[in-house]
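Below is one structure, written out as structure tokens; comments come after it.
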């Protein structure tokens, strides 16, 4: 079955260092209400609900079941969850709509990183035999990738700093961002990465609503049609990969149809400056493409939601007529381990 | 609104993992100061070795020894080592392609400072003094300016192979229960039991979690309930929990407090375990300066009619 499926609404929290006065459901619920209000839908109108989160962030077992309190899951709803970024929850919802079993879906994601030490928490996603016992933290692994890029002559520290400055300048126009405008580039955290090359650690949540065909046209003045979406993963071992390239991103982009026609906008989920350089190359983005008008993950990086936010930001620009064809990217794992690419389009104006 | 409560929360457990044949040989080799790789069907040697080729997905079992010397392929200077990392003093994270291997291994390099490290530099394994069959049997790498060491041609057959690893994991959190549960816990410390009412369906949730799970809206109107309530259902616990100073058997019950629309959990005391029954009327017992009830005990009232709590089961 070939159905047209669109993002019809997007909402997100303001992303802040610590939303400690709020539980996860208290953080998430206003976003759910916001995204529903944008379409006039109620929970009972949704055919499918899918979420992305990780219990390791806040150290709360089964936190996603408590988060469901914010959806209002009675009478019982059709629901699923991925222990991944919400972009992959959106992928699952997209396939559900493709089957024709559902016409509308709510996708949400949240991350409350403030209770733990994110750099250490993320070591627990690594190979448990050969890598995790060494506790290499997320910034260390990104720094190995950055140095490989520098050794290859594809970047230097000023080039990395320029990526950070451009993204955070863009974020000045994004009221939800955590870092808005210039921030000091700072000292090395793990050399060659400086503080400014790294994303802020913060708490946040986001939600989108998907709808198919005529339902999408009824719910949004200008739906953001998902023309293609695909995700690919690279070899597990870091030492097997060429860290200066992202073949999985390129392959996902090919399968999503990204190279068939130029895009005017790209929202890239690059938590580290060096990763944005790798992604620009893999996606063949030149100076004609507006990259990360939201500021990207360097301006706000609520883990597990930051990828979904890229899709939401790209869709929101189509909704308001600021883009006609946009690419959205999400990543998961160390050094761009797994990558998802979606291509969104608005109807001709 | 009072400040939200906070408490340290440590999540810690040892992961016990079994090993496949290639992982077992590799980690046993480290114990014996031998580094093994695995040969792929197209002739590459992967170190650390895996059981399936990451490119072709072929099952690969052809183990070959490589040298404990190699070349840095990328590095990153870690001036502030973190808990659990291989060295406690500043070091470089490195990917090292060992002599004889086609892929690189992640580990630490003990070097005096970042100016002494570069991609392409030669390094060798520094073995840990005590080895058990784990990646940490390599203590770290160290700078090395000699020739490539010659491996002995070991093929991975060991008399006493390791078959598993125990990997301890510990993460430290600062737990905050959020607005609604903080208010509930603060009231408990004052020996009051406070729930929150849903503005839509009017149900009162105790303990409150900040949202009505039926309606999906925020609860905020605080409602004092109980302190008395009714046992709606219960179980008899016969297994003593580690670190819990309660004699078994004891009764753990769902208790619908008067005025609440959801039963909460509590232990029943002050009555032999085999006399607890559905409909039993109970009240909370606070002990000493406790911030929450220790258990619930019978009030002596007549049992509640089934119809008064059937919707709360």
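The set of residues from the stretch B:11-22 being more than 8 Å from every other protein chain (Cβ to nearest Cβ) and either without any contact (Cβ under 8 Å) to a residue 24 or more places away in the chain or not in a loop (DSSP other than H, G, I, E, B) (or both) comprises B:12, B:13, B:14, B:16, B:18, B:21, B:22.
When A:67, A:73, A:102 are checked against the criterion of being more than 10 Å from chain B (Cβ to nearest Cβ) and in contact with a strand residue (DSSP E or B) (Cβ under 7 Å, 6 or more places away or on another chain), a single residue qualifies: A:102. Is it the case that residue A:190 is in contact with a helix residue (DSSP H, G or I) (Cβ under 6 Å, 6 or more places away or on another chain), within 13 Å of another protein chain (Cβ to nearest Cβ) and either assigned to a helix (DSSP H, G or I) or closer than 30 Å to residue B:54 by Cα (or both)? Against the criterion (in contact with a helix residue (DSSP H, G or I) (Cβ under 6 Å, 6 or more places away or on another chain), within 13 Å of another protein chain (Cβ to nearest Cβ) and either assigned to a helix (DSSP H, G or I) or closer than 30 Å to residue B:54 by Cα (or both)), residue A:190 qualifies. For the condition farther than 30 Å from residue A:29 by Cα and in contact (Cβ under 8 Å) with a residue 60 or more places away in the chain, residue B:163 qualifies. With a requirement of 3 or more residues that are touching a helix residue (DSSP H, G or I) at 6+ places or on another chain (Cβ under 9 Å) and crowded, with 17+ Cβ neighbours inside 10 Å, the strands (runs of 3 or more DSSP E) lying completely within the stretch B:104-205 that satisfy it span B:105-109, B:164-175, B:193-197. Residues that are farther than 26 Å from residue A:142 by Cα and either touching a helix residue (DSSP H, G or I) at 6+ places or on another chain (Cβ under 7 Å) or facing another protein chain (nearest Cβ under 9 Å) (or both) within the stretch B:52-70 comprise B:61, B:63, listed in sequence order. Summed over the stretch B:72-82, residues that are over 16 Å from residue B:115 (Cβ atoms) and in contact (Cβ under 8 Å) with a residue 40 or more places away in the chain total 2. When B:272, B:249 are checked against the criterion of being surrounded by fewer than 18 Cβ atoms within 10 Å (Cβ to Cβ) and touching a helix residue (DSSP H, G or I) at 6+ places or on another chain (Cβ under 6 Å), a single residue qualifies: B:249. Taken together, A:221, A:161 contain a single residue that is under 24 Å from residue A:141 (Cβ atoms) and surrounded by fewer than 18 Cβ atoms within 10 Å (Cβ to Cβ), which is A:161.
Residue-wise test of (1) more than 27 Å from the chain's Cα centre (by Cα); (2) assigned by TED's automatic domain parsing to the domain that holds residue B:270; (3) closer than 22 Å to residue B:281 by Cα; (4) part of a loop (DSSP other than H, G, I, E, B).
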{"position": "B:208", "(1), (2), (3), (4)": "no, no, no, yes"}
{"position": "B:214", "(1), (2), (3), (4)": "yes, no, no, yes"}
{"position": "B:233", "(1), (2), (3), (4)": "yes, yes, yes, no"}
{"position": "B:236", "(1), (2), (3), (4)": "yes, yes, yes, no"}
{"position": "B:251", "(1), (2), (3), (4)": "yes, yes, yes, no"}
{"position": "B:254", "(1), (2), (3), (4)": "yes, yes, yes, no"}
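The residue that is nearest to residue A:246 (Cα to Cα), among those in the stretch A:133-164 that are part of a helix (DSSP H, G or I) and at the interface with chain B (Cβ under 7 Å from one of its Cβ atoms), is A:148. Among the residues of the stretch B:23-50, the one identified as surrounded by 13 or more Cβ atoms within 10 Å (Cβ to Cβ), without any contact (Cβ under 8 Å) to a residue 60 or more places away in the chain, more than 10 Å from chain A (Cβ to nearest Cβ) and not in a strand (DSSP E or B) is B:40. Would you call residue B:112 within 29 Å of the chain's Cα centre (by Cα) and either away from every other protein chain (no Cβ under 11 Å) or closer than 17 Å to residue A:130 by Cα (or both)? Answer is no for this residue. Flag: residue B:8 does not match the condition of being under 28 Å from the mean Cα position of the chain (by Cα), in contact (Cβ under 8 Å) with a residue 24 or more places away in the chain and more than 11 Å from chain A (Cβ to nearest Cβ). Going through (1) surrounded by 19 or more Cβ atoms within 10 Å (Cβ to Cβ); (2) more than 9 Å from chain A (Cβ to nearest Cβ); (3) over 31 Å from the mean Cα position of the chain (by Cα) one by one, residue B:73 falls short only on (2).
The values are calculated or read from the model by the stated rules, or taken from the named source; none is laboratory data. The model shown is predicted, which means the values in this text are computed figures rather than measured ones. A quick note on method: Cβ atoms are made from the backbone with ideal geometry, for glycine too, and the neighbour counts reach across all protein chains shown.
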